[in-house]
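J.: This is the structure I have questions about; it appears just below.
Read-outs: derived from the displayed coordinates by stated rules, not from any lab. All values reported here derive from a predicted model rather than from experimental measurement. Glycine also receives a Cβ, built like all others from the backbone with ideal geometry; neighbour counts cover every protein chain displayed.
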Amino acid sequence: MLDEVAALLAAHPTGTLEIQGHYRSTGYAVSLSQRRAATVRDYLIARGVPAARLIARGYGEDVPLVPPISDPRNRRIELRWAP
């Protein structure tokens, strides 16, 4: 899937992609989600996407997809396009 994202970014050479890391528990959630987002960013950079077009942010458990926070679906990466 990330290879398809890299190809899409190559086809659209303007704009910025925010890579959002989310986690489903407390404690190290923000640092863990930040590392996950940074790993995705590093992967896309290795595929030729300019680093300046990518922002990695960890949100931890602050933005749950569904309640309760412990639901596994809250552990995810989301991509948000900013033209």
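J.: Taking the DSSP beta bridges in the chain as the whole, what percent of them are antiparallel, to the nearest 5?
T.: Of those bridges, close to 55 percent are antiparallel.
J.: State, to one decimal in nm, how far the label point of residue 38 lies from the label point of residue 51, with both points 7 Å from Cα in the Cβ direction.
T.: Placing both labels 7 Å along Cα→Cβ, they lie 1.2 nm apart.
J.: Could you grab the relative contact order for the range 35-83? Cα pairs under 8 Å, six or more apart, rounded to a whole percent.
T.: Relative contact order here is 33 percent.
J.: Can you find, among 34, 19, 49, the residue sitting farthest towards the positive end of the charge dipole of the range 8-78, where Lys and Arg contribute +1 and Asp and Glu -1 at Cβ?
T.: So the residue furthest toward the plus end is 49.
J.: Just 43, 23, 59 to compare: in a GNM of the chain, with alpha carbon springs under 10 Å, which one fluctuates most?
T.: Sorting by GNM fluctuation, first place goes to 43.
J.: Given the chain, what whole percent of its Cα pairs are spread farther than 17 Å?
T.: 45
J.: Let me ask something additional. For the chain, what is the relative contact order in percent, using Cα pairs closer than 8 Å and at least 6 residues apart in sequence?
T.: Relative contact order of the chain: 43 percent.
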